[in-house]
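The values are calculated or read from the model by the stated rules, or taken from the named source; none is laboratory data. Because the structure is a prediction, the values reported are computed rather than measured. Please note: Cβ atoms are built from the backbone with ideal geometry, for glycine as well, and neighbour counts cover all protein chains shown.
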DNA sequence: GTCTATAATCCGATAGAC
DNA sequence: GTCTATCGGATTATAGAC
């Protein structure tokens, strides 16, 4: 019976990834699983309940991707890889990326369920950890790790969101470049002088006003 | 007849702002207007059509708010006011803010309608203008205005979005402070040395690792 | 107990009378 | 321009089959 639930959830993730939020229905899900729609309500309280578990799967996938960044040899390397992993996850799984950050809007929730609130906080914590060890290694200026982590998270999330939603009229390769450039511009103010110089040394030609 | 359409649109905005996307239905709208549902289809092709015009109203309201920032006396002042106006709009009209940036997800559109794409670009353009005049005034480093504008827009949008969606467990006053702090941290890397020093001079006490 | 089907209710959208 | 009537599809409570 717990097996049935898992099988349904697998199909639910596939359906959401294929058809998106507005294309997701319990009837379609039932057809995919091979049962009638009401049967699903034996395993899940509601459509919302199913989607909330899909959000959980999305989070799991994100953390799987982020965890690869921890294989880097140095704090700076892990930091850089984390940024790349976040972008890579978003471009590889745009629907999961959207679901993770905007399920409250999608399903009209007034407040975030505790389970998912904790998961969201752990994305923030992951960044705080990367920041903290870069501060300790003298790569980032000594500042509040939570504040720095929030700047970086907000920027990366915002930029990727604008792109995924089609609000930045750029092809993917140009967007990857814009992401890198934008990240570098933020780092110019966060890194220690010696690292900031290295960062600024590679920034591209500009029109001098 | 154009008057009827306007009256329906007014009720549509109220209904969306009150009940959100998932609480918005043509039948509810018809009840609010005082007609039956099919009558609405004389004035709007579909529910999607109605909501697209609501997005237009949201954009109008955003630009009305942003335009107040242009009353500042100096480029720096207009720049600062623009940031505050964007935050103020989002906190005063969170549903409009969400609608403006994520209507594609809401209504399952594959691409952004041209009319709204142009409006989104003009938000970007507004920031580019603020950045350009600050560069010319020697407040921001001479860099690509579009690139700088994108960093600022992405960061502000991302941070506000995370908050509105309940992913940052902070009360509003604490969030306003976090927004200001985060903005200042970004500016540290974008402003010219003299202005950056002024900026860094006010940053709060930190634990030195 | 575990699963399924029927049916009530709501939604978006259309057809056709007035 | 608006109504009545109606279709197809959605969620979900209830009652019945294994």
Worksheet, complete the sentence: Checked the stretch B:147-157 for anything over 16 Å from residue B:178 (Cα atoms) and more than 9 Å from every other protein chain (Cβ to nearest Cβ); matches are B:149
Item to complete: Considering each of A:70, A:116, A:87 in turn, give the residue that is within 17 Å of the chain's Cα centre (by Cα), closer than 30 Å to residue A:177 by Cβ and buried (at least 17 other Cβ atoms within 10 Å of the Cβ).
Response: A:87
Worksheet item: In this structure, is residue B:65 away from chain A (no Cβ under 14 Å), in contact with a helix residue (DSSP H, G or I) (Cβ under 6 Å, 6 or more places away or on another chain) and within 11 Å of DNA strand D (Cβ to nearest atom)?
Response: no
Worksheet entry | Selection status of residue B:48, out of contact with any strand residue (DSSP E or B) (no Cβ under 9 Å at 6 or more places or on another chain) and away from every other protein chain (no Cβ under 14 Å) | no
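If the requirement is being within 12 Å of DNA strand D (Cβ to nearest atom) and within 20 Å of residue A:112 (Cβ to Cβ), which of these qualifies: A:49, A:22?
Working: A:22 fails: within 20 Å of residue A:112 (Cβ to Cβ).
Every option except A:49 fails the conditions.
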Discussion item. What's the number of the only condition in (1) more than 9 Å from DNA strand C (Cβ to nearest atom); (2) touching a helix residue (DSSP H, G or I) at 6+ places or on another chain (Cβ under 8 Å) that residue B:26 fails to meet?
Written reply: (1)
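Step by step: first the residues of the stretch A:165-193, then only those that are under 22 Å from residue B:99 (Cα atoms) and surrounded by 20 or more Cβ atoms within 10 Å (Cβ to Cβ), then the one that is nearest to the other protein chains (Cβ to nearest Cβ). Which residue is that? Don't jump to the end; show me each part of the working.
Of the residues in the stretch A:165-193, the ones under 22 Å from residue B:99 (Cα atoms) are A:165-170.
Of the ones still in play, those that are also surrounded by 20 or more Cβ atoms within 10 Å (Cβ to Cβ) are A:167-168.
Working: A:167: 5, A:168: 8 Å.
Only one residue tops the list, namely A:167.
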Discussion item. Suppose we filter the stretch A:25-40 for residues that are surrounded by fewer than 14 Cβ atoms within 10 Å (Cβ to Cβ) and more than 6 Å from DNA strand D (Cβ to nearest atom); how many remain?
Written reply: 2
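Could you tell me whether residue B:139 is surrounded by fewer than 23 Cβ atoms within 10 Å (Cβ to Cβ) and touching a residue at least 12 places away in the same chain (Cβ under 8 Å)?
Details: surrounded by fewer than 23 Cβ atoms within 10 Å (Cβ to Cβ): yes; touching a residue at least 12 places away in the same chain (Cβ under 8 Å): yes.
When the stated conditions are applied, residue B:139 passes them.
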Discussion item. Just the residues that are modelled with pLDDT of 90 or more and within 10 Å of chain A (Cβ to nearest Cβ), please, taken from the stretch B:117-132.
Written reply: B:132
Discussion item. Please go through (1) farther than 27 Å from residue B:95 by Cβ; (2) surrounded by 19 or more Cβ atoms within 10 Å (Cβ to Cβ); (3) under 11 Å from the mean Cα position of the chain (by Cα) for residue A:101 and return the number of the only condition it doesn't satisfy.
Written reply: (1)
Discussion item. Among the residues of the stretch A:101-122, what is the count of those that are assigned to a helix (DSSP H, G or I) and farther than 21 Å from residue A:153 by Cα?
Written reply: 1
Item to complete: Of the numbered conditions (1) touching a residue at least 60 places away in the same chain (Cβ under 8 Å); (2) within 30 Å of residue B:18 (Cα to Cα), residue A:118 fails exactly one; give the number of that condition.
Response: (1)
Worksheet item: Can you find a residue in the stretch A:1-13 that is without any contact (Cβ under 8 Å) to a residue 12 or more places away in the chain, within 16 Å of DNA strand C (Cβ to nearest atom), within 14 Å of chain B (Cβ to nearest Cβ) and farther than 30 Å from residue A:141 by Cβ?
Response: no
